[in-house]
Amino acid sequence: MKLPFFLLFSLLISFGLQAQNNGKIEGTVKDVRTGELLIGVAVQVEGTQIGGVTDVNGFYQIADVPATTYNLTASYIGYKNSTQFGVVVRSGGTTDINFQLEETTSELEDVTVIANPFEKVDETPLSIQRLSQEEVATYPGGNNDIAKVVQSLPGVSGSAAGFRNDVIIRGGAPNENVYYLDGIEIPNINHFATQGSAGGPVGLLNVSFFEGVTLSSSSFGAQYDNVLSGVLQFDQRDGNRREVEGNVRVSASEAALTVEGPLFKGDKEMSNTSYIASVRRSYLQFLFNIIDLPFLPDYWDYQYKVTHKLSKFDELIFTGVGSIDDLAINAPEEFSPEQQATLDQLPIIRQWTTTSGLSWRRRFKDYSGYMLTSLSTNILNNNFQQYEDNVNEQGLYFNNDSREWETKLRYEYTRFSGLWEFRSGFTAQHAFYSNATLNLVNDFAFDNSIDFYRYGFFGQANRSFFTDQLNISGGFRFDGNTFTDNGNDILRTFSPRLSASLKLDDAEKWTLNASVGRYFKIPPYTILGFVDNQGNLANRSVEYIQSDHYVAGIEYLLNRSARITVEGFYKQYDNYPVSNTDSVSLANLGGGFEVLGNEPVSSVGLGRTYGVELLFQQKLSRNFYGILALTFYKSEYTGFDRDEYLSSVWDNGQLITFTGGYKFGKNWEVSLRVRYLGETPYAPIDQQATLANYPAIVRDYQRLGEVQLGAFNQTDVRIDKKFNFKNWTLDIFLDVQNVLASQLPSEPSFGLDRDGDGNVITPEALVQIEEVDNSSVLPSLGIVIDF
């Protein structure tokens, strides 16, 4: 097999040397504040004599650009120069690069002012990070999975075992985050999602859509509701309005097709309507079946966006995403003790999700502001079952057959007045939740549905002082609902916030930032819809979860492409739901294959997370780019005793990540990711209760923090080579996970004692299964074809 592969690789290199290696760059340039299309902006490909100028539509195109990686700079009189770093030009497809320029306040003539390349907004001057499409697509060990990619940012971690996409921000639970796709809220970004939480093993968003991804871990704008720890915004690019393009991506676990182009173009050079759509299919189920693993994960997903420009000032966007998931059981011909335990304990999951939304952005003709209106709907349909005999699906002891359905209307009005910017708006949504539950372990059984409304309104004001040296933003928000006992008492959810940013020197290299805010989140529908054995909605008295943030930090720009930041944070929680069954804060749950919150709770828990983050970030310069993030923190919550704080299951203590790469000549690139998570507390298994209820696993939460998983340490490497042919590009990549063969931590697993033939020994006894080797090196090969 090695010789044919070598010959194929050599042939591709030979073709690549002879191929036409030119591509094109195009995009639009707007005023960052008003959205006005700017005419006559010079866009320059750095290190070359190649460039372009925007036309009357703010559009530019640069043709015949040699296919490699560049930095691209836009300059315009009266505006700060803006640079897009690491722009990859291919002969296949078009490289879309859009700019938003910021007006300069400098009164000096012939002075070039350069914008800060690290994104900020007035209401979020700190705790904000942005990744470009290329930074996401070439992330080592990420398999084009955005949830894994954001784990490289400061304060963000995943599960301690490393196999799930839980996004844990500054010690908060995974369900404390919200996600937006072009302003449309999506409840989850993962396949096989944990209902009531937000994690899962595989992401469902297509990175080919992204223009950029922004993460805010505090200082949230008042327009965002139901957030306690993080806001992830996915900015999708528009489809090509001139011609049809696309790409095919094949990796170790899945294949994806993306197509884009104009609609209703006719004889025009450029259409007012464009689309981009994709579909992805896994084939893990086939691979797992071949190698005789006890479970078969099967998933599909789709994503689309249609953009229509009604006029120079009006734009409609119709976008959506969805998934179909099926986690089936596969009985191997020969069982190891570990496989038998997995076969016994794994749930059977059949799940589908869909989100779709229509948004209308209308800019005022005098460029004094804009209105944004969006209408969306999302559904999660979850069938989660556990059997005493999973293979034959007999002896059902846990069943959760549920549906969550939300329909949302959002309106936002923004007005500019001199140095002031005012924003206000409201949200209104209808929520429907149904659930048929059977839980023999905890003796719950019900079939019920709830139907209610949620609403909220907000205001925000921003202003700059002293020639843009000081920026201050203040806002507030109220939220309510028609279901909980105190839901319409909106004074309980009054959430003020204030942030400030001060430039400490004339060169704008040093910036001091600070923010304080109060945020609220309604408990998950799984909590709200729980019914006790007397037929009562047992959790109707729950309160909104409250989180107060105090953050301060300093940023230093080393040069136009590199920065160092230091931030300290303190988050304080109140009204956190505590399980009446296990007496543990629900902040500790949601990181596994389970249903979170389907039980009686009390809103009595407290929590606190605090720490310091250090970040070094280098945009592409001299062929190198990288992010080094260090976080030292504490995460702890109470149960019913509000004076006793216990370490949470997210309390790693230290997070250290490095992600970076080097671009060699001839379109070779090598990237590296190193992650370290400190020891992680966990609740050990209650062996007596587990034996009585096996195969259900019962944990002893009273011992949470007594035992810990070892530190997690993993290094991943990725090598990319791009071949640019006439009108198409081939990218071959080798991704090696855990290249240093580190032993990854895992909790002790237990199963029933069996004889050599696999028969259960009587009387039944629970035994710990010998720890398996978790130090495997996982290489995988993938290709991406752009056309």
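The values are calculated or read from the model by the stated rules, or taken from the named source; none is laboratory data. Small disclaimer: the values here were computed from a predicted structure and weren't measured. So basically every Cβ, Gly included, is an ideal-geometry build from the backbone, and we count neighbours across all protein chains shown. These area figures cover heavy atoms from the full protein model, side chains too; ligands, DNA and RNA do not enter into them. Shrake-Rupley method; radii C 1.70, N 1.55, O 1.52, S 1.80 Å.
Extension gain, residue 283-residue 36: 0.36 nm per intervening residue step, less the Cα-Cα distance, totals 84.3 nm.
Entry comment: accessible area of the chain is 41 Å² per residue, from protein heavy atoms only and a probe of 1.4 Å. Based on the Cβ-Cβ distance from residue 211 to residue 541, what FRET efficiency comes out when R0 is 60 Å, to the nearest 0.05? E(calc), rounded to 0.05, equals 0.85. Distance check, please: which entries in 305/408; 120/312; 619/726 exceed 22 angstrom between their Cα atoms? Where the Cα-Cα span goes over 22 Å, the pairs concerned are 120/312; 619/726. Computed log10 I(q)/I(0) for region 628-715 at 0.17 Å⁻¹: -0.83, from the Debye equation with unit scatterers placed on every C-alpha and solvent omitted.
Under the simplified labelling scheme, the residue 392-residue 313 pair shows an inter-label distance of 7.2 nm, with each label point 7 Å from Cα along Cα→Cβ. Would you tally the net charge around residue 62, using a Cβ to Cβ cut-off of less than 11 Å, leaving residue 62 out, and scoring K and R as +1, D and E as -1? Around residue 62, the charge tally is -1.
Between residue 491 and residue 61, the modelled label-to-label distance comes to 6.2 nm, taking each label 7 Å out from Cα in the direction of the beta carbon. What percent do you get for the relative contact order of the chain when only Cα pairs under 8 Å and 6+ apart count? Across the chain, relative contact order equals 11 percent. In straight-distance terms, cross-link reach from residue 571 covers every one of the lysines whose alpha-carbon lies under 18 Å from its own, apart from those fewer than eight places away in the same chain; here that gives 521, 634.
Between residue 707 and 682, the built amide H atoms are under 5 Å apart, and every one of these is 5 or more places off in sequence or on another chain.
Distance between the C-alpha centres of region 263-288 and region 147-209: 24 Å, rounded to the whole angstrom.
Compactness of region 354-446 is given as radius of gyration and Dmax, 22.7, 70 Å, from Cα positions.
In the chain, the longest principal axis of the Cα atoms and the axis of helix 2-18 are about 20 degrees apart. The Rg/Rh ratio for the chain, using Cα coordinates for both the radius of gyration and the Kirkwood hydrodynamic radius, is 0.96. Potential lengthening of the chain between residue 296 and residue 775 amounts to 170.2 nm, from the contour at 0.36 nm per residue minus the alpha-carbon distance.
Taking only alpha carbon atoms, region 550-688 gives an Rg to Rh ratio of 1.13, where Rh is the Kirkwood radius.
Here each label is just a point 7 Å from Cα along the line to Cβ, and for residue 447 and residue 415 those points are 5.4 nm apart.
Phi-derived couplings, Karplus 6.51 cos²θ - 1.76 cosθ + 1.60 at θ = phi - 60°, listed residue by residue for region 453-461: 10, 10, 8, x, 8, 8, x, 8, 9 Hz, with x used for Gly and Pro. Beyond 30 Å between alpha-carbons counts as too far, so tell me which of 30/509; 80/365; 24/265; 30/666; 509/663; 265/365 fall in that bin. Table pairs above 30 Å Cα-Cα are 30/666. By DSSP, the beta bridges lying fully in the chain are antiparallel in about 95 percent of cases.
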